[in-house]
Amino acid sequence: MADEIYFSNNYRDMSQQHGTGAGFQFEFHCSRCSDTWRSQFEPFRSGQAAGWIGKGASAAWGLLGGNANTIGNAADGLAGATWGGARDNAFQRAITNAQGHFNRCPRCTSYVCGRCWNAELGLCMQCAPDTAAEAEAARRQGMNASVSDRAYSAGQNAGNSYAVGTPRQLVCPQCSAETHGGAYCAGCGHHLAQTPQCASCHESVPGGAAFCPGCGTRQ
């Protein structure tokens, strides 16, 4: 296999060494959009043969009441001896075919599919985005930013009329439902009485208190 390895970080090895479905197959994905191209399946004949030998030995020894592990292990050992070289060769063929489906960006060195490739500039769309698409995206971002600013200003204006000094019960003492500052509970209709205030100094007076804790005025 060549010393230089392509697609070193955007492929998945789907190869299977053992069993009747043994073979080589690889998936390569676009670094930008993750679209995937899969190489054609190449059977690994030694692994498949070992799988069939193991199945046959198991069936035969099962009828005779013996143990087929020795024969199966020997067949797997023969397949394993040729696996590494066969896998490398299959991977090299898959890479050669994959190069026809991907482009390597000279700026960021990523491999991208045809839809993510700016052929006019010879760069990927991440490094050289489509101008019209970028303009529309920027226009929408500017519109959203303007609307957000106006909405914030409208909220500030509406907040000027909110009685920030008025105490509010946020949880109903009757049913424990959230009240959101309303005068009545939306869950049980309980009247949410506000904390009593001293008529003299307007200090909050605890329920049942005979005198104001702030100025001593009798309640």
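Each value in this text was obtained by applying a stated rule to the coordinates, not by laboratory testing. Everything numeric here is computed off the predicted structure, so don't read it as measured data. Note that we place each Cβ from the backbone using ideal geometry, even for glycine, and neighbour counts take in every protein chain shown.
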> How much FRET efficiency would the formula 1/(1 + (r/R0)^6) give for SER34 and CYS127, where r is the Cβ-Cβ distance and R0 is 25 Å, rounded to 0.05?
Replying inline: 0.90
> Whose amide H sits under 5 Å from the amide H of TRP117, counting only residues 5 or more places off or on another chain, with H placed in the peptide plane?
Replying inline: MET125
> How would you rank 24-36, 116-128, 170-182, highest first, on the average number of other Cβ atoms within 10 Å across their residues?
Replying inline: 24-36, 116-128, 170-182
> Label-point separation (nm) for ALA49 and ALA158, each offset 7 Å from Cα along Cα-to-Cβ?
Replying inline: 7.9 nm
